[in-house]
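To start, the structure itself, in C-alpha cells.
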Ligand SMILES: Cc1cc2nc3c(=O)[nH]c(=O)nc-3n(C[C@H](O)[C@H](O)[C@H](O)COP(=O)(O)OP(=O)(O)OC[C@H]3O[C@@H](n4cnc5c(N)ncnc54)[C@H](O)[C@@H]3O)c2cc1C
C-alpha cells in the first residue's frame, strides 16, 4: 500500500460524546506528525455528532473526515471496521492510532487483518525513529513501545514493511494538552456507501454499568496494596481517602482477591492515573503498578520494607506498618498537622 506521512486517529464516540482517549491520541499524533512531516487526520463515524466535531481540531487535528448515517448511531463492529478500513485505503496514512478500549480492541484487529498490516496493542509510548534490519535502515518509522513477557521487558515493536503501522493505546497513557479553541480542523464529510448486508447486527438497547470510581480525573488517590489487604487495612485506606477528599485505588492482587472492585485498579491492566498526589499504602511498586501511576505529581509511599521498589519513585517514603502509619496521618490531618 502506498503511504503518505500522515497520522490518522480513529475518533471514538458514544452517545455523541467523543472519548477522551481519542483526544489524547490526537495530541500524541501532533508530536508524531511533526517528526514524520505529515498532517494529523482523524476519522469519526456516527449520527448527530456535529456539536463535537470541532473538538479534535482544538487538540491539533488538521483534517477530520466524518461519515454520518442514521444506521451508524450506535457502534457495531462490521460497518465501523469496514468504513475505517476503506478510509485508510483512500487516505494511505503512515500511522493509524486507536484507543485500547472495547471499541478500539474490536475494530483495530479487523482493520489490520483487512489491510494486512501490523498492529501493536496497548502501547505505552510511541516514537518516530530509525530501525535497522539486515543492512536495511528504515527511517522515520513508528516505534511502538510496550511492556512484554508479563511486564519483564519493555519491547520496541516495528512493522515498517507493511503500511500503515497501527497501534492501540489505553486511556490516560498519552497526555492531553490544553485545548486551543482558536485552532480548527478542516471537516470533510464522507458518504456512507454501505448496503444492508454490511449491518448484520441491530442494536436494540444499550445498558451501561456506571463506574464506581473515576480515578482518571481524581486529584488525590490513596491506593491499597497487599500490605493493606485486610479488612482493617482497607477500612483505614478508605478512611484516609475520605478524610483528605481522595479517591481510593488498589493494586491488582487486591482487586483479584475481591477486596476492591475492578474499577479501582491502578496499573498496566487497570487505569493510568496522573493525580497531584498518590499515596501508595503497602504497595511494593512492581513495574506493572508503576506503569499506571509513576507520572503522579507527588508520590507518598508507606511500606514496612525499606527496600521496596516503590521507594525508588516515591517523593516521600514512610517505612512502617500501614496499620500504624495511616491512623497517624488521619490524626495529623484532622488536627491540622499537630498529630504525633
Ligand atoms: C501482565 C500483568 C499485568 C499486571 N497488571 C497490574 C496492574 O495493572 N496493576 C497492579 O497493581 N499490578 C499488576 N500486575 C501485578 C504486579 O506484577 C504485582 O504483582 C502487583 O502490583 C503487586 O501488588 P502489591 O504491591 O499490592 O503486592 P505485593 O507485591 O505483595 O507487595 C505488598 C507490599 O506491601 C508491603 N507490606 C506488607 N505488609 C505491610 C504492612 N503491614 N505495612 C506496610 N507495608 C506492608 C510489603 O513490603 C510489600 O512491598 C500485573 C502483572 C502482570 C503479569
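The values are calculated or read from the model by the stated rules, or taken from the named source; none is laboratory data. These numbers were taken from a predicted model, which means no experiment stands behind them. Cβ placement follows ideal geometry from the backbone for every residue including glycine, while neighbour counts extend to all protein chains displayed.
Data table
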{"item": "Test for residue 89: is it more than 19 Å from residue 23 (Cβ to Cβ) and at pLDDT 95 or above", "result": "yes"}
{"item": "Residue among 12, 31, 70 that is within 18 Å of the chain's Cα centre (by Cα) and farther than 23 Å from residue 138 by Cβ", "result": "12"}
{"item": "Residues being on the phi < 0 side of the Ramachandran plot and surrounded by 20 or more Cβ atoms within 10 Å (Cβ to Cβ) - total across segment 248-271", "result": "14"}
{"item": "The one condition in (1) under 20 Å from the mean Cα position of the chain (by Cα); (2) on the phi < 0 side of the Ramachandran plot; (3) crowded, with 16+ Cβ neighbours inside 10 Å that residue 122 fails to fulfil", "result": "(2)"}
{"item": "Yes/no for residue 28 being free of Cβ contacts under 8 Å to residues at least 24 places away in the same chain and closer than 22 Å to residue 119 by Cβ", "result": "no"}
{"item": "Pick from segment 211-230, criterion at pLDDT 95 or above and surrounded by fewer than 22 Cβ atoms within 10 Å (Cβ to Cβ), ranking: farthest from the chain's Cα centre (by Cα)", "result": "230"}
{"item": "Subset tally (residues that are modelled with pLDDT of 90 or more, under 21 Å from residue 4 (Cβ atoms) and surrounded by fewer than 16 Cβ atoms within 10 Å (Cβ to Cβ)) for segment 132-161", "result": "3"}
{"item": "Test: residue 92 is crowded, with 17+ Cβ neighbours inside 10 Å and touching a residue at least 60 places away in the same chain (Cβ under 8 Å)", "result": "no"}
{"item": "Residues of segment 234-251 that turn out to be over 21 Å from residue 270 (Cα atoms), within 16 Å of the ligand (Cβ to nearest atom) and within 27 Å of the chain's Cα centre (by Cα), as a count", "result": "0"}
{"item": "Residues of segment 285-303 that turn out to be under 19 Å from residue 150 (Cβ atoms) and surrounded by 20 or more Cβ atoms within 10 Å (Cβ to Cβ), as a count", "result": "6"}
{"item": "Only listed residue being more than 14 Å from the ligand (Cβ to nearest atom) and in the same structural domain as residue 118 (by TED's automatic domain parsing), chosen from 188, 206", "result": "188"}
{"item": "Boolean, residue 189 is part of a loop (DSSP other than H, G, I, E, B) and surrounded by fewer than 19 Cβ atoms within 10 Å (Cβ to Cβ)", "result": "no"}
{"item": "Segment 138-161: number of residues that are more than 16 Å from the ligand (Cβ to nearest atom), in contact with a helix residue (DSSP H, G or I) (Cβ under 8 Å, 6 or more places away or on another chain) and part of a loop (DSSP other than H, G, I, E, B)", "result": "0"}
